[in-house]
Structure formats: C-alpha cells, structure tokens
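> I'd like to ask some things about the structure below.
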Amino acid sequence: MRPQTLIFPAALLALGACGAPPPATNDRGFIAELSPSVAALAAPNQDLTAVQWRPEDGCYWYLYEGPVETLMVPLRADDGGKICAPGATG
C-alpha cells in the first residue's frame with residue numbers, strides 16, 4: 001500500500017477532531033451560558049436565556065415567544081444578519 005493512501009484519511013480524521021465541542025446545554029436544551037462575545041453581537045429584544053446552536057447551519061437560534069406563536073428564529077446582530085460561526089453556511 002502506498003503511504004499517500006493512508007495520509008488522506010488520517011488527515012480527514014485529524015481535521016474532524018479540531019472542531020470545538022458544542023456548548024453545554026441546560027435541562028431545556030438551551031445553551032447554559034452564552035458566550036459573552038455572542039451576547040455582545042446580539043441585537044436587543046431577543047431572549048438570550050433560550051438560545052441553541054445548530055450544527056446543521058452553524059448558527060445560533062433563540063426561542064421567540066410572540067402573541068400568536070412560539071418558534072425558534074435565528075439570533076440576529078444589530079445589522080440584521082444571523083449570528084453564525086465563521087465559515088458557516090447559514
């Protein structure tokens with residue numbers, strides 16, 4: 001077997017292990033302690049006690065409880081953009 005055949009799969013495994021672990025969650029499934037840097041980016045009037053990070057899009061979502069419905073919506077910055085991890089597809 002050629003050495004190059006083993007290097008590529010080993011490199012993929014090593015890169016996969018470099019990702020940060022997901023934030024710790026409370027008993028309701030929300031982030032127990034939101035990062036101060038994420039909290040500083042968030043626009044006002046969003047519930048920062050009910051935030052989740054979704055790995056499928058790499059963005060933060062919070063529980064919006066409105067007069068008609070309750071649903072998860074993207075956490076937004078002051079400029080209206082989603083708050084996502086660098087390089088996320090959200």
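The values are calculated or read from the model by the stated rules, or taken from the named source; none is laboratory data. As the structure is a prediction and not an experimental result, all values here were calculated from the model. Please note: Cβ atoms are built from the backbone with ideal geometry, for glycine as well, and neighbour counts cover all protein chains shown.
> Within the stretch 34-70, work out how many residues are surrounded by fewer than 17 Cβ atoms within 10 Å (Cβ to Cβ) and either of a type outside the set (V, I, T) or not in a strand (DSSP E or B) (or both). Walk me through it before giving the result.
From the stretch 34-70, those surrounded by fewer than 17 Cβ atoms within 10 Å (Cβ to Cβ) are 35-37, 39-41, 43-45, 47-49, 54-58, 64-70; that's our starting set.
Then keep just the ones that are either of a type outside the set (V, I, T) or not in a strand (DSSP E or B) (or both); that gives 35-37, 39-41, 43-45, 47-49, 54-58, 64-69.
Summing the residues that are surrounded by fewer than 17 Cβ atoms within 10 Å (Cβ to Cβ) and either of a type outside the set (V, I, T) or not in a strand (DSSP E or B) (or both) in the stretch 34-70 gives 23.
> Does the stretch 71-79 contain any residue that is at pLDDT 85 or above, touching a helix residue (DSSP H, G or I) at 6+ places or on another chain (Cβ under 9 Å) and part of a loop (DSSP other than H, G, I, E, B)?
yes
> What pairs come up if the first residue lies in the stretch 56-74 and is among the small types (G, A, S), the second is in a strand (DSSP E or B), and their beta carbons are under 6 Å apart, counting only those six or more places apart or on different chains?
G58/C84
> Quick check on my filter: what residues within the stretch 64-79 are of a type in the set (D, E, K, R) and over 17 Å from T49 (Cβ atoms)? Please lay out each step first, then the result.
Keep residues of the stretch 64-79 that are of a type in the set (D, E, K, R), which gives 65, 69, 76, 78-79.
The answer is E69, D78, D79.
> Return a yes/no flag: does the stretch 1-8 have any residue that is exposed (fewer than 13 other Cβ atoms within 10 Å of the Cβ), at pLDDT below 95 and outside any helix (DSSP H, G or I).
Restricting attention to the stretch 1-8, the residues satisfying the condition of being exposed (fewer than 13 other Cβ atoms within 10 Å of the Cβ) are 1-8.
Still in the list and also at pLDDT below 95: 1-8.
Checking the rest, the ones that are also outside any helix (DSSP H, G or I) come to 1-2.
Scanning the stretch 1-8 turns up at least one residue that is exposed (fewer than 13 other Cβ atoms within 10 Å of the Cβ), at pLDDT below 95 and outside any helix (DSSP H, G or I).
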